[in-house]
Amino acid sequence: MVRRLEAQGITDTRVLEVMRRIPRHLFIANSLWDHAYADHPVPIDRGQTISQPYIVALMTQALQLEKSDRVLEIGTGSGYQTAILAELARHVYTIERFAELSEKAQRLLAGYTNIRFRVGDGTLGWPEEAPFEKIIVTAAAPEVPAALVEQLAESGRLVIPVGGRQLQTLVALTKEGKRLRREELCACSFLPLIGEEGWPDEETWLQHLL
């Protein structure tokens, strides 16, 4: 997997080394272990997925993490990305809307002392712990949530997929005063970011279409 990531253009040696160490298969069902290191998403509980290794590596590299950083992660999911962040940053604050996913991730990551978990609306961030040097969003938003921009530290980096419910652009944003410098990384397809500053839930969305 790591050799493939290098061939795909991932150059951050810290990211590559962490992804070499962390056993990705432990974050998915035993029946799917054959797919753990393949370069595609793998389903987890509640209709969610663990992103393909390349996207995980690309987003992590784009954050430009420093060991002193405090990171906000929106979308704990399986906890795999959370573990990578915890290896590379000082502290990780991670929010998940599904309690069962958060609880399972907490059990898997019990050995880490620098992660805090919350169940709630990730689009609103974690205001009482702001500002964050880095923010990563692992679900797609129609627009960048204003709350997350507000909670980003000056010169901080925010990596997020932005676009429609099916296809998006993965972007890295750097906060420069009242301005956000935008860098487009690649086209992508993430599950929707559900919340007050994201997409409505599936039932509400379907009603809107009717």
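Residues checked against (1) surrounded by 20 or more Cβ atoms within 10 Å (Cβ to Cβ); (2) assigned to a loop (DSSP other than H, G, I, E, B); (3) touching an Asp or Glu at 6+ places or on another chain (Cβ under 9 Å):
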{"site": "Arg165", "(1), (2), (3)": "no, yes, no"}
{"site": "Leu170", "(1), (2), (3)": "yes, no, yes"}
{"site": "Thr174", "(1), (2), (3)": "no, no, yes"}
{"site": "Glu184", "(1), (2), (3)": "no, no, no"}
{"site": "Ala187", "(1), (2), (3)": "no, no, no"}
{"site": "Phe190", "(1), (2), (3)": "yes, yes, no"}
- Failed condition for Gln168, given (1) closer than 17 Å to Ala62 by Cβ; (2) at pLDDT below 95: (2)
- Query: Are any of the residues in segment 139-153 in contact with a strand residue (DSSP E or B) (Cβ under 7 Å, 6 or more places away or on another chain), of a type outside the set (Ser, Thr, Tyr) and under 17 Å from Arg46 (Cβ atoms)?
  - Reply: yes
- Would you mind telling me which numbered condition in (1) within 21 Å of Lys104 (Cα to Cα); (2) touching a residue at least 24 places away in the same chain (Cβ under 8 Å) Arg4 fails? (1)
- Message: Being closer than 23 Å to Val119 by Cα, polar (S, T, N, Q), out of contact with any strand residue (DSSP E or B) (no Cβ under 8 Å at 6 or more places or on another chain) and surrounded by fewer than 21 Cβ atoms within 10 Å (Cβ to Cβ) is the filter here; which residues of segment 44-76 pass it?
- Response: Gln48
- Item | Only listed residue being touching a residue at least 12 places away in the same chain (Cβ under 8 Å), touching a Phe, Trp or Tyr at 6+ places or on another chain (Cβ under 7 Å), more than 12 Å from Leu193 (Cα to Cα) and among the basic types (Lys, Arg), chosen from Arg116, Arg90 | Arg116
- Set Thr94, Thr113, Thr123: member being among the β-branched types (Val, Ile, Thr) and assigned to a loop (DSSP other than H, G, I, E, B): Thr113
- Per-region count, segment 133-147, residues outside any strand (DSSP E or B), within 21 Å of Ile84 (Cα to Cα) and out of contact with any Phe, Trp or Tyr (no Cβ under 6 Å at 6 or more places or on another chain): 1
- Note on the structure: Here the qualifying pairs (Cβ atoms under 6 Å; residues six or more apart or on different chains; first in segment 161-179 and of a type in the set (Asp, Glu); second in a strand (DSSP E or B)) come out as none
- Query: Can you spot a residue in segment 26-43 that is in contact (Cβ under 8 Å) with a residue 24 or more places away in the chain, surrounded by fewer than 20 Cβ atoms within 10 Å (Cβ to Cβ) and part of a helix (DSSP H, G or I)?
  - Reply: yes
- What number of residues in segment 113-163 are closer than 27 Å to Glu103 by Cα, buried (at least 18 other Cβ atoms within 10 Å of the Cβ) and of a type outside the set (A, V, I, L, M, F, W, C)? 10
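The values are calculated or read from the model by the stated rules, or taken from the named source; none is laboratory data. Owing to the predicted nature of the structure, the values given are computational and were not obtained by experimental measurement. Note: ideal-geometry Cβ built from the backbone for every residue, glycine included; neighbour counts use all protein chains shown.
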